[in-house]
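Trainee: Take a look at the following structure, please.
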Amino acid sequence: EKSGYKHFMLKEINEQPRAIRDTTLGRVSLDTGKVHLPEMQFSEADFRNASQITIAACGTSWHAGLAGKFMIERLARLPVEVDYASEYRYRDPIADPRAIGLLITQSGETADTLAAQAELAAKGSKTLAICNVVGAAITRKAQGTLTTNAGPEIGVASTKAFTAQLTALFVLALHLAQVRGTISDEESLHLVTELSKLPTKLASLLNINSPDAPGSSEGVAAPIRPSTPDRRSTTRQPLSVQCEELARLFHTADDFLFLGRGIHYPIALEGALKLKEISYIHAEGYPAGEMKHGPNALIDESLPVVCIATKDPNDPSSVLKYEKTLSNIQEVTARSGRVIAIAIEGDTEISQLVEQTIYIPQAPELLLPILEVVPLQLLAYHIAVRRGCDVDQPRNLAKSVTVE
Ligand code: F6R
């Protein structure tokens, strides 16, 4: 069942190229860049005239929602609110029948998310579900469903369902932008083309065969070349080797910080959650620029700080964000914090500043999260394995949380 992998979590991490491909396929045209959503009880007019989108979700799915906000606001110029589903109905949300409720849930059975859906419906909003389980409770009450085709997720820690959610959110954001006329045909085609390259980029990051390669058998690990760490190197060693080495260095830490800015901040939150839930190490995700407003007081020579410092050189706002994040990294290293940077292949500026650099392939800003979360998943995995934790069945957690 685990196809030769030691844990479901590792198998599912390696299934991400296929999960992303299957969540994209059939929904986008590589000729025109147009997005086609499945049949649903939402008309184009509903999308065109929407006043806002209210996202409600829990845990990892909530992190996907936070990233989705950046995608939808940026591409479709539609305001997005993101709530914890477990909080939504306790704040007497403001009614608006033109608002669209978007529920994100792997299982489709999370009690808090179902309760948020009921509250949205009671306020007169139509609801749309992004769900990984066909026919799940949430989809039966929603006016539309976008299925994430990640396949069954067995490991309690969500991995492939998360990147599939990010993919579905990107596809939805593109569709909204097209219907609302906030994106050019040329930009649509560019983004769809870039989206279609992700499975191959993920496979190369994971050192496995691409699901798109002719005759490839999915999830089969390519032979891993032994390599010596070289912090000045601009190319990658196999990611699993790097993450195992990081796990060796850092598995005894008591705390971890994860930093990111903009759309990368939700990925920092997700990296921290993965580590907490499977290794039982305390971890926090923080917006990089907020460190100087308090948390800098925590930094000392024993604190590993994972900084997401990626950039899309074709996107001025991404470059600006990167520059600011570099200054934040310098603030951490000046206080002897031990920085592990997630950066774009070829970035030598960053590797000279920090102790460890993990490289990922280049992609447009809004698609980078799908790549940058992978090393964070593997880091949590290898640390948990080293600490002897039950990776697939962490203590106190269940795969589907059916109580509020
Ligand atoms: C984290 C994790 C949980 C779930 C959360 C929501 O790895 O698995 O945080 O993301 O319980 O579950 P779903 O998406 O099924 O609603």
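Trainee: Just checking: which of the strands (runs of 3 or more DSSP E) contained wholly in the range 293-404 hold 1 or more residues that are of a type in the set (Lys, Arg) and touching a strand residue (DSSP E or B) at 6+ places or on another chain (Cβ under 7 Å)?
Mentor: Working: elements: 304-308, 338-344, 356-360.
Where strands (runs of 3 or more DSSP E) fall fully within the range 293-404 and carry at least 1 residues being of a type in the set (Lys, Arg) and touching a strand residue (DSSP E or B) at 6+ places or on another chain (Cβ under 7 Å), they are 338-344.
Trainee: Separate question: Could you please find all residues in the range 126-151 being part of a loop (DSSP other than H, G, I, E, B), surrounded by fewer than 24 Cβ atoms within 10 Å (Cβ to Cβ) and within 12 Å of the ligand (Cβ to nearest atom)?
Mentor: Of all residues in the range 126-151, those part of a loop (DSSP other than H, G, I, E, B) come to 132-136, 142-143, 148-151.
If we keep only those that are surrounded by fewer than 24 Cβ atoms within 10 Å (Cβ to Cβ) as well, we get 133-136, 143, 149, 151.
Those that are part of a loop (DSSP other than H, G, I, E, B), surrounded by fewer than 24 Cβ atoms within 10 Å (Cβ to Cβ) and within 12 Å of the ligand (Cβ to nearest atom): VAL133, ALA136.
Trainee: Which of the following residues is more than 10 Å from the ligand (Cβ to nearest atom), open to solvent by less than 50 Å² (accessible area, probe 1.4 Å) and modelled with pLDDT of 95 or more: LEU103, LEU66, LEU114?
Mentor: Details: LEU103 fails: more than 10 Å from the ligand (Cβ to nearest atom); LEU114 fails: more than 10 Å from the ligand (Cβ to nearest atom).
When all the criteria are applied, what remains is LEU66.
Trainee: Let me ask something else about it. Given the conditions (1) in contact with a helix residue (DSSP H, G or I) (Cβ under 9 Å, 6 or more places away or on another chain); (2) over 28 Å from TYR90 (Cα atoms); (3) not hydroxyl-bearing (Ser, Thr, Tyr), which single one is not true for GLU119?
Mentor: Just one mismatch for GLU119, condition (2).
Trainee: In this structure, does MET40 turn out to be away from the ligand (no atom under 16 Å from the Cβ), open to solvent by 10 Å² or more (accessible area, probe 1.4 Å) and of a type in the set (A, V, I, L, M)? Full working, then the answer.
Mentor: On the way: away from the ligand (no atom under 16 Å from the Cβ): yes; open to solvent by 10 Å² or more (accessible area, probe 1.4 Å): yes; of a type in the set (A, V, I, L, M): yes.
Spelling it out, MET40 is indeed away from the ligand (no atom under 16 Å from the Cβ), open to solvent by 10 Å² or more (accessible area, probe 1.4 Å) and of a type in the set (A, V, I, L, M).
Trainee: From the residues in the range 170-197 that are small (Gly, Ala, Ser) and in a helix (DSSP H, G or I), which one is most open to solvent (accessible area, probe 1.4 Å)? Working first, answer last.
Mentor: In the first step, residues of the range 170-197 are kept if they are small (Gly, Ala, Ser); the result is 173, 177, 181, 184, 188, 196.
Still in the running and in a helix (DSSP H, G or I): 173, 177, 188, 196.
Working: ALA173: 0, ALA177: 0, SER188: 2, SER196: 41 Å².
Ranking the qualifying residues of the range 170-197, first place goes to SER196.
Trainee: How many residues does the range 95-105 hold that are of a type outside the set (A, V, I, L, M, F, W, C) and more than 16 Å from ARG140 (Cβ to Cβ)? Let's see the steps before the verdict.
Mentor: The first filter runs over the range 95-105 and keeps only residues of a type outside the set (A, V, I, L, M, F, W, C), leaving 96-98, 101, 105.
With more than 16 Å from ARG140 (Cβ to Cβ) added as a condition, the list becomes 96-98.
Qualifying residue count, the range 95-105: 3.
Trainee: For ASP96, state whether it is within 11 Å of the ligand (Cβ to nearest atom), in contact (Cβ under 8 Å) with a residue 12 or more places away in the chain and open to solvent by 20 Å² or more (accessible area, probe 1.4 Å).
Mentor: Details: within 11 Å of the ligand (Cβ to nearest atom): no; in contact (Cβ under 8 Å) with a residue 12 or more places away in the chain: yes; open to solvent by 20 Å² or more (accessible area, probe 1.4 Å): yes.
The answer is no for ASP96.
Trainee: Within the set of pairs 6 or more residues apart or between chains, which connect a residue that is under 14 Å from VAL385 (Cβ atoms) inside the range 238-260 to a residue that is charged (D, E, K, R) and modelled with pLDDT of 95 or more with Cβ atoms less than 6 Å apart?
Mentor: ALA247/ARG386; HIS251/ARG386; HIS251/ARG387
Trainee: Name the residue that is modelled with the highest pLDDT, counting only residues in the range 384-400 that are open to solvent by 40 Å² or more (accessible area, probe 1.4 Å) and within 12 Å of HIS7 (Cα to Cα). Let's see the steps before the verdict.
Mentor: Filtering the range 384-400 for residues open to solvent by 40 Å² or more (accessible area, probe 1.4 Å) gives 385-388, 390, 393, 395-400.
Still in the running and within 12 Å of HIS7 (Cα to Cα): 385, 390, 393.
On the way: VAL385: 97, ASP390: 91, GLN393: 88.
The qualifying residue modelled with the highest pLDDT is VAL385.
Trainee: Can I ask one more? Please indicate, with yes or no, whether at least one residue in the range 320-333 is of a type in the set (S, T, N, Q), surrounded by fewer than 20 Cβ atoms within 10 Å (Cβ to Cβ) and touching a residue at least 60 places away in the same chain (Cβ under 8 Å). Spell out how you get there, then give the answer.
Mentor: The first filter runs over the range 320-333 and keeps only residues of a type in the set (S, T, N, Q), leaving 325, 327-328, 330, 333.
Subset that is surrounded by fewer than 20 Cβ atoms within 10 Å (Cβ to Cβ): 327, 330, 333.
Adding the requirement that they be touching a residue at least 60 places away in the same chain (Cβ under 8 Å) leaves none.
So far as the range 320-333 goes, no, none of its residues is of a type in the set (S, T, N, Q), surrounded by fewer than 20 Cβ atoms within 10 Å (Cβ to Cβ) and touching a residue at least 60 places away in the same chain (Cβ under 8 Å).
Trainee: Taking only pairs six or more apart or across chains, which ones have beta-carbon atoms under 9 Å, a first residue in the range 105-116 that is at positive phi, and a second residue that is modelled with pLDDT under 95 and within 9 Å of the ligand (Cβ to nearest atom)?
Mentor: GLY108/SER400
Trainee: With in contact with a Pro (Cβ under 8 Å, 6 or more places away or on another chain), open to solvent by less than 10 Å² (accessible area, probe 1.4 Å) and either within 16 Å of the ligand (Cβ to nearest atom) or under 24 Å from HIS7 (Cα atoms) (or both) as the only criterion, which of LEU376, LEU371 stands out?
Mentor: Details: LEU376 fails: in contact with a Pro (Cβ under 8 Å, 6 or more places away or on another chain).
None of the other options fit; the residue is LEU371.
The values are calculated or read from the model by the stated rules, or taken from the named source; none is laboratory data. Given the structure is predicted, the values throughout are model-derived calculations rather than measurements. Note that each Cβ is placed from the backbone with ideal geometry, even for glycine, and that neighbours are counted across all protein chains shown. These area figures cover heavy atoms from the full protein model, side chains too; ligands, DNA and RNA do not enter into them. Shrake-Rupley method; radii C 1.70, N 1.55, O 1.52, S 1.80 Å.
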